[in-house]
Amino acid sequence: MTERNTSGADDVFWAMGCGTLVAVALTWATLGTLLDIVLVARTQRYCLGDLSVGEGLAGFMWAASRLVIFPVVSGVSVLVSLPIDLLARLPWFAERGWLKAAMVTLAILVSISGPMAMILYDVATVGTPGDCVPPWWPSWLPLQ
């Protein structure tokens, strides 16, 4: 007879690895959305000054759309990074602690790349109308 694999420390580490990606996705789905909306609003206020009622309503509708789209982008980014995280759990990678840590770090970086790209895109296209460049905008990032 063979021993049955009982729940142990390995199962906890496996669940914790996937739980890390879920925590990253939830964090970026909430805090990333707020960061995106605040950065675009401040950039528009700098470039356009006070907004009219129509521009304010358009900004509100845009922000409401981001409350729906941003969590989807965050979830897709985590799904893309999931194979990297699962590779880190294979025995060959798990035996080498530094390689496993590098793979998990790479999975987390891939999972935050989608929301970060969306923030940069929104600030560059929606937040900076015309040729307005905020003073804090790095010169190496594109505008529109």
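The values are calculated or read from the model by the stated rules, or taken from the named source; none is laboratory data. This structure is a prediction, so every number in the text was calculated from the model and none was measured. Cβ: placed from backbone, ideal geometry, glycine included. Neighbour counts: every protein chain shown. Ligands, DNA and RNA are stripped out before the accessible areas are found, and what is left, the full protein with its side chains, is counted by its heavy atoms. Shrake-Rupley method; radii C 1.70, N 1.55, O 1.52, S 1.80 Å.
For segment 23-112, which trypsin sites (Lys or Arg not before Pro) are in a loop by DSSP, counting at most 16 other Cβ atoms within 10 Å? It would help to have the intermediate numbers written out before the result.
On the way: sites: Arg42, Arg45, Arg66, Arg89, Arg96, Lys100; in loops: Arg89, Arg96.
Taking segment 23-112 and a limit of 16 other Cβ atoms within 10 Å, the loop trypsin sites (Lys or Arg not before Pro) found are Arg89, Arg96.
Please give me, ordered by residue number, the chymotrypsin sites (Phe, Trp or Tyr not before Pro) of segment 44-137 that lie in loop per DSSP and have at most 11 other Cβ atoms within 10 Å. Present the calculation step by step, with values, prior to reporting the outcome.
Values: sites: Tyr46, Phe60, Trp62, Trp92, Phe93, Trp98, Tyr121, Trp136; in loops: Trp136.
Listed in order of number, the matching sites are Trp136.
With every protein chain in place, what's the accessible area of Met116 (1.4 Å probe, Å², nearest 10)?
80 Å²
So how strong a dipole does segment 16-137 carry about its Cα centre when Lys and Arg Cβ are +1 and Asp and Glu Cβ are -1, to the nearest 20 debye? Walk me through the numbers before you get to the answer.
Numbers: 6 positive and 7 negative charges, 76 e Å.
Roughly 360 debye for segment 16-137.
Roll a 1.4 Å probe over the protein heavy atoms and report the accessible area of Ile84 in Å², nearest 10.
Taking all protein chains as shown, Ile84 has close to 40 Å².
Excluding Gly127 itself, what net charge comes from residues whose Cβ is under 14 Å from its Cβ, given Lys and Arg +1 and Asp and Glu -1? Could you put the intermediate results ahead of the total?
Values: positive: Arg42, Arg45, Arg66; negative: Asp36, Glu55, Asp122, Asp131.
Neighbour charge sum, excluding Gly127 itself: -1.
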